[in-house]
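The values are calculated or read from the model by the stated rules, or taken from the named source; none is laboratory data. All values derive from a computational prediction rather than experimental measurement. Note that we place each Cβ from the backbone using ideal geometry, even for glycine, and neighbour counts take in every protein chain shown. Quick note on the areas: whole protein, heavy atoms, side chains included, nothing else; ligands and nucleic acids left out. Shrake-Rupley method; radii C 1.70, N 1.55, O 1.52, S 1.80 Å.
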Amino acid sequence: MTKARHDNPQSTAHSVVAACDLDRTLIYSKAAARLGLGPGEQPPDLECVEIHEGKPISFLSRASARILVELGARAMLVPTTTRTRKQYDRIELPGRTAEYAICANGGHLLVDGVTDEDWNAGVRKRLAEESAPLTEVIAHLEAVVAPEWVRKLRVAEELFTYLVLERELVPAGMVEELTGWADERGWGVSLQGRKLYFVPQSLTKGAAVDEVRRRTGVHTVLAAGDSLLDIELLRAADEGIRPAHGELAETGWTAPHVTVTRHAGVRAGEEILTWLLGRVEAAAA
């Protein structure tokens, strides 16, 4: 792909970056949207933002859609995801097109939709120096997993890998065993829904957000995320917010500059966007 670089601090008129994880932070499957709801309680009206193989699969609430449009007009919204570029391209968020986006957990920095090849090359060089090779991780997984509890093994952008699980059939202690094995080799493990991710510890959303801050010269970075893979993203921010669901909630992770929502599910998405917009307005005051 053609290189694209925005090194000019004047490339944006915005003084705030809002770097937001997508799945289970801003957007939700219909099942995840119901997190935190009582028996028989219905989620708010939903708006589809992703269609895959002819089926609507990801949503946000209509209220979230309205707030997202306003947030995108008043701050630099940076979608920040572990999804591959192909998976990210399926999403159509309301509002203006993002100038910057982060895919593959920081492995790809998109500038006006185009991969910055220099950034990607630098990431791959760092991973080669600091973690075991992807091939070693894949070989180990192929040797220890069983088809009874693993539906698929996927490789993402030749940077990391993940398993699609039958969670109820995973042997007791297996995730912990794999986590320990991976940690010894410079890899992290994250369980999100039915997917068990294996990601090099040096491959972080936070490093990519730091690069966006450097290039744009923004004064304030806000962040939102729900999983272990979002910890470095939240640490890179001046202020952050996480939902009351997901891995971070399950592990009790927090930080002094990170707010926790009162709600879970798609209502947490609304709360996150409302908080972000409020912080943007405060920064402009």
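Results, tabulated for the structure shown:
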item: Residue tally, condition open to solvent by 60 Å² or more (accessible area, probe 1.4 Å), more than 15 Å from residue 187 (Cβ to Cβ) and in a loop (DSSP other than H, G, I, E, B), over segment 128-157; result: 2
item: Matching residues in segment 209-231 - criterion: being open to solvent by 10 Å² or more (accessible area, probe 1.4 Å) and closer than 19 Å to residue 104 by Cα; result: 210, 211, 213, 228, 229, 231
item: Complete set of residues in segment 177-197 that are assigned to a loop (DSSP other than H, G, I, E, B) and either modelled with pLDDT of 95 or more or surrounded by 15 or more Cβ atoms within 10 Å (Cβ to Cβ) (or both); result: 184, 185, 186, 193
item: Some residue of segment 37-52 being among the hydrophobic types (A, V, I, L, M, F, W, C), open to solvent by 60 Å² or more (accessible area, probe 1.4 Å) and in contact (Cβ under 8 Å) with a residue 12 or more places away in the chain; result: yes
item: Helices (runs of 4 or more DSSP H) contained entirely in segment 1-101, each with at least 1 residues that are more than 18 Å from the chain's Cα centre (by Cα) and either closer than 17 Å to residue 113 by Cα or at pLDDT 95 or above (or both); result: 62-74
item: Meets criteria (of a type in the set (A, V, I, L, M), outside any helix (DSSP H, G or I), modelled with pLDDT of 95 or more and under 17 Å from residue 209 (Cα atoms)) for residue 163; result: no
item: Segment 232-273 - residue that is hydroxyl-bearing (Ser, Thr, Tyr) and not in a helix (DSSP H, G or I) and, of those, surrounded by the fewest Cβ atoms within 10 Å (Cβ to Cβ); result: 254
item: Selection from segment 159-176 of residues that are exposed (fewer than 12 other Cβ atoms within 10 Å of the Cβ) and of a type in the set (Asp, Glu); result: 168, 176
item: Check on residue 278, of a type outside the set (A, V, I, L, M, F, W, C) and buried (at least 17 other Cβ atoms within 10 Å of the Cβ); result: no
item: Matching residues in segment 91-113 - criterion: being under 28 Å from residue 56 (Cβ atoms), surrounded by 14 or more Cβ atoms within 10 Å (Cβ to Cβ) and not small (Gly, Ala, Ser); result: 91, 93, 94, 99, 100, 102, 103, 105, 108, 110
item: Pick from segment 114-126, criterion open to solvent by less than 10 Å² (accessible area, probe 1.4 Å) and not acidic (Asp, Glu), ranking: farthest from residue 14 (Cα to Cα); result: 123
